[in-house]
Amino acid sequence: MDATLTDEQERIRKTAREFIESEGGIELARRRMEGDERVVDELWADLADLDYTAITVPPEYDGFGEGMVYLTALLEVTGRYALPGPLPETAAFAVPLLDELGTDDQRERHLPAVARGDQRFSFALYDDRNESLPEAVTLDVDETDDGHRLSGTKTLVPYGGEVDHLVVAGRTGDGSGDDGISLFVVGTDEEAVETRRLDSLDRTRPMYEVTFSDLSVGDAALLGDRHEAGDALSSAADRYTVARSAMLVGAADRAVELSTEHGTKREQYGQPVGKFQAVKHRIADMWIEMQSARSLVYYAAWALDAGEPDATRSVSAVKTYAADRLHRVFGDDMWNHGGMGFTWDHDGHIYLKQAKAWRNFLGSPEDHQDRLLEERLAER
Amino acid sequence: MDATLTDEQERIRKTAREFIESEGGIELARRRMEGDERVVDELWADLADLDYTAITVPPEYDGFGEGMVYLTALLEVTGRYALPGPLPETAAFAVPLLDELGTDDQRERHLPAVARGDQRFSFALYDDRNESLPEAVTLDVDETDDGHRLSGTKTLVPYGGEVDHLVVAGRTGDGSGDDGISLFVVGTDEEAVETRRLDSLDRTRPMYEVTFSDLSVGDAALLGDRHEAGDALSSAADRYTVARSAMLVGAADRAVELSTEHGTKREQYGQPVGKFQAVKHRIADMWIEMQSARSLVYYAAWALDAGEPDATRSVSAVKTYAADRLHRVFGDDMWNHGGMGFTWDHDGHIYLKQAKAWRNFLGSPEDHQDRLLEERLAER
Amino acid sequence: MNFDYDDEHEAFRQDLREWLAENLPSDWQDGDRQLPEGSERERFLRDWQRTLYDGGWAGVHWPEEYGGRGASLVEQTIYREEMARARAPPQINVVGINFVGPTLVAAGTEAQKERFVPNILSGEEIWCQGYSEPDAGSDIASLTTSAEKQGDEWVINGQKIWTSYAQYADWCFLVARTDASGEKHEGITTLLVDVDQEGVSMDPIHQASDEEGFNQVYFDDAVASAENVVGEVGHGWDVVMTLSAFEHSTTTIFSIEQDYLDLLEYCRDETRGGEPLIEDARVRRDLADLDARIQAAKVSHYRNVSKRSESGTPGPEGSMDLVVADELRNDLTNVAMDVLGPEVALWEDGPRDGQLADDYLGSYGSWIAAGTGDVQRNIIGERVLGLPKDDKSQESHRA
Amino acid sequence: MNFDYDDEHEAFRQDLREWLAENLPSDWQDGDRQLPEGSERERFLRDWQRTLYDGGWAGVHWPEEYGGRGASLVEQTIYREEMARARAPPQINVVGINFVGPTLVAAGTEAQKERFVPNILSGEEIWCQGYSEPDAGSDIASLTTSAEKQGDEWVINGQKIWTSYAQYADWCFLVARTDASGEKHEGITTLLVDVDQEGVSMDPIHQASDEEGFNQVYFDDAVASAENVVGEVGHGWDVVMTLSAFEHSTTTIFSIEQDYLDLLEYCRDETRGGEPLIEDARVRRDLADLDARIQAAKVSHYRNVSKRSESGTPGPEGSMDLVVADELRNDLTNVAMDVLGPEVALWEDGPRDGQLADDYLGSYGSWIAAGTGDVQRNIIGERVLGLPKDDKSQESHRA
């Protein structure tokens, strides 16, 4: 029992913070919000230099073989700056999935390249932008002589047009649940693949539509067993949920700081506004909720790494607890700042939009409430 | 459009307040809490002298023929003192029901006596203390040659052992919904009727168990058409819900006063505690919620009297809004008072328990949420 | 107690409904209620303001002698209900019509009334109000924008912020400091300032919602003539208080109700996992709770209207309308986002072309006009309930 | 980051579990966990205290030289987890064991240690602490109970309130004013007072829950000998602060978790209208929310324990444990009442013989021991986050 970060983890956080601040801090996110895609390209090279892209890659593929605890410790820092780029998509979702399901060939083809920073990944899951997973996976996949043919349009693909490869979920079997789902690794440079950026609430992490026009892929593109990828997909979604939650915890930590600074410096009615209990207690509550969310993230990350039986429930606890509460933390930060809090210049709205955009993505809090209780009752 | 009380209504409120205070105010409720049943008997005679028992009785039966608006205006005042006695049971539930469903004979037998203060009423609806209405009405009623035979034990009967008559709901038809319910007027002095007081959360308004041991009643006891009393019962429950809500609004008004007095007089850290924004804003919120509940009660009372199409929805809005919010108002009042708020001497707990005891009685807020939306959608 | 309308009132409602049916912009009636973008927007809004004026529906609460209908408070309520139900476009001269006009009628000189009032109702002159300052926030009285008497003119220097409609405005109702030697509520003067002069410039404020609705307004040796002082020099705080009394006569609860009904229909019609959203008891709890809160807020507003009809003056209870409506709008727009599927992640390419997202984001800025919930709760605690005043906040916020 | 326990810790847990299985009162193990009423209760609790002592489980955190196990913070956490899981009866000498003993070990004289410490752990002498006063509330430092030096004795006059366990206590750890001339934190002295003397009397406080747990304690020329001053005369505030540091090492989150699991099972097993309660999505939302909050509070507690294991001293972060647990207990007990049918209207004739109602009512008094959420939020705002201190509240509440 030692619920603290290691010195090594603290060190990487410090380095990450110094690096991001030297590059402009949250200005990087603002550049991406304004539509500057180069910022992701530039950043990615640096992240690779710092070995961040290699964290979850196994040692045999030139990585560090670290798990979610290490990754979330880092992502908390990137979240503080709303750092753009598909790091959680690549490192939390795709890499462990490739490692788990991939053939030697697939691993060899992708993992070292990811570690080097030469390949970025995202995932294309939703065929319907209004349904929950796994029901929202309906993509038509026809079997061909030497592989499969994909036809249809995926939506809500994070950074879809700014990555090299996508993990695409298709339905090769019957039903609408976890069964019958197959995964494919598809290059975005294929001619039959077209991406279109969607104006997204969180413009630091834009969503894309990705259209497959009778895209033929060979057997080498099939990731894992045909029909059988539902469980692995669910695990990948869990890792991603924890990763993104960690980023939002980092953002919430920053929001508490911003409100505290404001409460200390800004004067109204002749005294710093943080002396007013309404403001002081609201910030105290923000801090409590941020710390509580952080606790759940730490535990879930550890439980996923350790393969604990309550890992799935722990992930659901994160989203159940944090989805709306962190959102409110950001809203409260905006309110604490008065009129300035509602301006584009204040960072609060960047976080607020991230929290809302993330709310129902890969599982709404309601989905997670249901799953949490199912798991809990199964344990009794 | 005139959303204010009339001068006449304001006058009766003032009189009621002066009268209750002259009799000891909330000490009357405390006496009943300690088990003193005489307080209800004594009070009832006074209430009759003041004509309060005659308010809803039609003029042709020696009453004033007033409706829910007038009654709730008065009940707000009685609620302020948690005044014990079956006034809402008699005046809001039973009297309009007798007037609506009763034969000339039944009306003649009961209504003038109620107006004079010679008969008190309550109702026995629940056969199962854990089910909702109307499902909880399961009492076996056998048809006999000259009437019916009632066998079974009703529970959750307010003041059951302290009234003269009960409106008893029995199931004479199939099903578990509104259909097949029949009502009977039963005297509590019948030999086959036994009452047992249950230790109740709200000891100012104790619940009883009432057992019918093969009680035979004549046709004159049947209130309304056989099998067909479900709708009238539901309306009576609605009136009762509004009446009790009005009492709790009056209690909440008092709780705001108590907290305000405390915040003005009690000093901590060298200043009145009401200067602390945490306390000041909590009291402001209590006031807002009390006023909002009051608005809903006023509207529902008027809509019931006027037979507005949204009357049912308005009643459900009251309980949806007020059930947990008024309860929290009382809890907040206790918290505002610090340690003293948790003592038996502080009045807050009397109200708190009333609100909790009332929460799921004759329809939980959840039941009312569902009904509110059903009605709302039916209007669209 | 009576929530019915009498025949006269129903006739008023009917007249307005019929007029709206004929005069609302046609796109609007077809359900496309987006304001035009860019410079088109001002044209559109000025046209609508003129249409309202021509129909006699621009300032129903104004006295008849100034071109209004002399509508009673109840009629004003009906007016707001119907405009919300029709989802009519906003009035570009809302500041002039709701605040400046009535203030001039109450506190202006005859010459001011003659010069300014007619052009307000017709929309020929659009008004903004210069209140908040970067370092003052809701603490209006600590303003530092100065007006100095030079001959027959006042020379104005300083900066205002959160000034809505300034981008369209012809005139500004300005609160300035003319004497810094006394207490902060003293030495304040209200002036009518022509915005169309060299000494006045402005910048729009880029909002979190990616829109521009508020402005910073800079005064750099701007001038106002001596006869454009409202009330007495140095007694502007009284004028501000007079004017703020009019603010409470507005409420957004009726438009909140319309948005709620839209949400209800969405949840009835939309399915997820094959089930209508409304079948989820969680959704029902959220909707029913909003429904009940909206009904409560409406009736509370009616009660305030009735009370004010009797007493003639608005009380501090109006703070309740404000804080309740602000929180309702924030909660409602959040629920409307939350019941969406994962598509909640989209903005302009998302549901209703981003309108839901715009409403949601906008709800975080709504209090800029009304003062924060914290300030409103102070007002309720201190002025309604009589709790001890914080020495610091005493009298120094708008009510 | 590691939430596993090593073998040594697991062995500690196993020892305790086995001991509890053998030594818990037999009714208790059968699920009947009501404390006896009246005078039986003290006997029962003293017996249980003695049983714990005999088993070596009365003060696991005490140093071995004083009869404890010298348990690490992690082991103390395991201890609390297991006692909660077994729903063990409360320790009647909790004040002595958790606060007074450690304080004497840290700040007492050798003679005090020798005289008092052994009888604490064995439960031979039960302790209470005399802190709050009717006019002081959470503002401990403004206390007025006086102690005046007369020869070799201190003569004590005044009144304490909210004193738990006083009805059983043999000794009182008293905070008194020995000098009223300076600032309110000065001139305070802590004394060990024999409660069994003529000058000390007490009244139980009738609580909203219809129970008596707290007391008023009156000192009327009560005496304490000079050697029973703890720390230096006039420097009692330092002792209070030392003692308060120990308070944060307790948490009720583990017993809250047990109550939550009971509620979960109730909702799984109970039906209404033919449907299991847990099928109602509203119930699921409430349960899942409580579940997640409890897990968060537990992990936050582990994090605080780990942090404290590293740093050696408890930080103000402990305020978070307190405020979170208090609110959770209040929300949990309310949900447990609300999911009941109309039978929620009953008390002792109601569900579980009124235990649910008792727990619910009790949750409104829990903060009396811990200080209000308002105070805890001040501590978090000021000491954790560094927000500007309210001049009024500075340093004057227990932390």
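The values are calculated or read from the model by the stated rules, or taken from the named source; none is laboratory data. Predicted, not measured: the structure shown is a model, and the values here were computed from it. Methodologically, a virtual Cβ is constructed for each residue, glycine included, from the backbone with ideal geometry; neighbour enumeration extends over all protein chains shown. Remember, those area values only see protein heavy atoms, side chains included, never the ligands or the DNA or RNA. Shrake-Rupley method; radii C 1.70, N 1.55, O 1.52, S 1.80 Å.
Over chain B, Cα pairs under 8 Å with separation of 6+ residues give a relative contact order of 15 percent. In this Cβ point-charge picture (+1 for Lys and Arg, -1 for Asp and Glu), the protein assembly as shown has a dipole of about 3400 debye about its Cα centre. Nearest-to-axis residue in chain D, judged by Cβ distance to the rotation axis that brings D onto C and given in whole Å, is D:ALA281, 2. With a simple spin-label model that places each label point 7 Å from the Cα along the Cα-to-Cβ direction, the separation between B:THR144 and C:GLN258 comes to 6.4 nm. Give me the distance between the Cα centres of region D:273-349 and region C:47-63, rounded to whole Å. The distance from the Cα centre of region D:273-349 to that of region C:47-63 comes to 56 Å. Within the protein assembly as shown, the proportion of Cα pairs with more than 47 Å between them is 47 percent. Taking 30 Å as the limit for the C-alpha separation, the pairs A:LYS280/C:LYS389; B:LYS265/D:LYS149; A:LYS319/B:LYS353 exceed it in the case of B:LYS265/D:LYS149; A:LYS319/B:LYS353.
A simple spin-label model places pseudo-atoms 7 Å from Cα toward Cβ; at D:GLU232 and C:ASP27 they are separated by 8.0 nm.
Give the carbon-plus-sulfur fraction of the accessible surface of chain B in %, rounded to a whole number; probe 1.4 Å, heavy atoms of protein chains only.
Details: 4990 of 12290 Å².
It is 41 percent, rounded to a whole number.
With R₀ set to 22 Å, the beta-carbon distance separating C:TYR5 from B:ASP7 gives a calculated FRET efficiency near 0.50.
What is the magnitude of the charge dipole of chain C about its Cα centre, with +1 placed on the Cβ of each Lys and Arg, -1 on the Cβ of each Asp and Glu, and no other charges, expressed in debye to the nearest 20? Present the calculation step by step, with values, prior to reporting the outcome.
Details: 34 positive and 78 negative charges, 209 e Å.
That gives a dipole near 1000 debye.
With a simple spin-label model that places each label point 7 Å from the Cα along the Cα-to-Cβ direction, the separation between D:THR313 and C:ASP170 comes to 7.0 nm.
Could you report the buried accessible area between C and B, both sides summed, computed with a 1.4 Å probe and given in Å² to the nearest 100? Intermediate results must be reported in sequence, preceding the final value.
On the way: alone 19720 and 16710 Å², together 32100 Å².
The buried area between C and B, both sides summed, comes to about 4300 Å².
Computed on the Cα atoms alone, the convex hull of region C:38-100 gives a volume of 85 cubic angstrom per residue. Place +1 on the Cβ of every Lys and Arg and -1 on the Cβ of every Asp and Glu in region C:297-377, take the dipole about the Cα centre, and give the residue among C:PRO316, C:GLN376, C:GLN355 whose Cα lies farthest towards its positive end. The Cα lying farthest towards the positive end belongs to C:PRO316.
Suppose R0 equals 25 Å; then what is the FRET efficiency for B:LYS14 and B:GLU37 from their Cβ-Cβ distance, rounded to the nearest 0.05?
Working: r = 29 Å, r/R0 = 1.16.
So the FRET efficiency works out to roughly 0.30.
At 222 nm, what helix-only mean residue ellipticity would chain A give, in deg cm²/dmol to the nearest 500, using -39500 (n - 2.57) for each DSSP H run of four or more?
Working: 11 runs with 188 residues, N = 380.
Per the formula, -16500 deg cm²/dmol.
Under the criterion of Cα pairs below 8 Å and six or more residues apart, the relative contact order for region C:154-235 equals 42 percent.
Can you tell me the dipole magnitude for region A:221-281 around its Cα centre, using point charges on the Cβ only (Lys, Arg +1; Asp, Glu -1), in Debye to the nearest 20?
On the way: 8 positive and 8 negative charges, 89 e Å.
Around 420 debye, computed over region A:221-281.
Mean separation of Cα pairs under 8 Å and 6 or more residues apart, divided by the residue count, gives chain C a relative contact order of 13 percent. Plainly put, the tip 7 Å out from Cα toward Cβ on A:GLY175 is 4.0 nm from that tip on each other copy, the closest given first.
Within the listed set A:ARG120, A:ARG196, A:ARG171, the Gaussian network model of chain A (springs between alpha-carbon atoms below 10 Å) gives the highest mean-square fluctuation for A:ARG196.
Taking every protein chain into account, the 1.4 Å probe leaves B:HIS165 with about 40 Å² of accessible area, to the nearest ten. When A:GLU100 is represented by a point 7 angstrom out along its Cα-to-C-beta vector, the spacings to that point in the other copies are 6.0 nm, nearest first.
Copy A relates to copy B by a rotation, and the A residue whose beta-carbon is nearest that axis, with the distance in whole angstrom, is A:GLN277, 2. Across identical copies of the chain, D:ALA111 has label-point separations of 9.3 nm, listed in ascending order, with the point defined 7 angstrom from Cα along Cα→Cβ.
Look at the stretch A:254-265: the mean tally of other chain Cβ atoms within 10 Å of its residues' Cβ atoms is 2.
Taking θ as phi - 60° and the Karplus parameters 6.51, -1.76 and 1.60, the scalar couplings of region D:89-97 work out to x, x, 8, 5, 9, 4, 5, x, 6 Hz in sequence order, x denoting glycine and proline.
Placing unit charges on the Cβ atoms of the charged side chains and taking the dipole of region B:230-380 about its Cα centre, the candidate lying farthest along the positive direction among B:THR241, B:MET340, B:THR320 is B:MET340. Projecting the Cα positions of C:ALA147, C:ALA71, C:HIS9 onto the charge dipole of region C:1-150 (unit charges on Cβ atoms of Lys, Arg, Asp and Glu, taken about the Cα centre) puts C:ALA147 furthest along the positive direction.
Counting heavy atoms of the protein chains only and a 1.4 Å probe, report the per residue accessible area for the protein assembly as shown as a whole number of Å².
On the way: 55180 Å² over 1558 residues.
Counting only protein heavy atoms, the per-residue value for the protein assembly as shown is 35 Å².
How much FRET efficiency would the formula 1/(1 + (r/R0)^6) give for D:THR144 and D:ASP221, where r is the Cβ-Cβ distance and R0 is 22 Å, rounded to 0.05? Could you put the intermediate results ahead of the total?
On the way: r = 16 Å, r/R0 = 0.71.
Efficiency at R0 = 22 Å is approximately 0.90.
Per residue of B:356-365, what is the mean number of Cβ atoms on other protein chains within 10 angstrom of that residue's Cβ?
Values: counts 9, 9, 3, 7, 10, 5, 1, 1, 7, 6.
Counting other chains' Cβ atoms within 10 Å and averaging over B:356-365 gives 6.
Which distance in Å, rounded to a whole number, links the C-alpha centroids of region C:82-122 and region A:326-366? One Cα centre to the other: 36 Å. Using the average count of surrounding beta-carbon atoms within 10 Å as a protection proxy, the listed peptides B:327-334, D:234-241 rank, highest first, as B:327-334, D:234-241. Heavy-atom surface analysis with a 1.4 Å probe gives region C:263-303 a carbon and sulfur content of 39 percent of its accessible area. Taking the Cα centre of each part, how many Å lie between region C:14-34 and region C:211-235? Using only Cα atoms to place each centre, the spacing works out to 36 Å.
Have a look at region D:338-354 and report residues whose accessible surface goes down by 50 Å² or more when the remaining protein chains are included, against the chain on its own, probe 1.4 Å, ligands and DNA/RNA excluded. In region D:338-354, residues shielded by partner chains: D:ASP338, D:PRO342, D:GLU343, D:VAL344, D:ALA345, D:LEU346, D:TRP347, D:ASP349.
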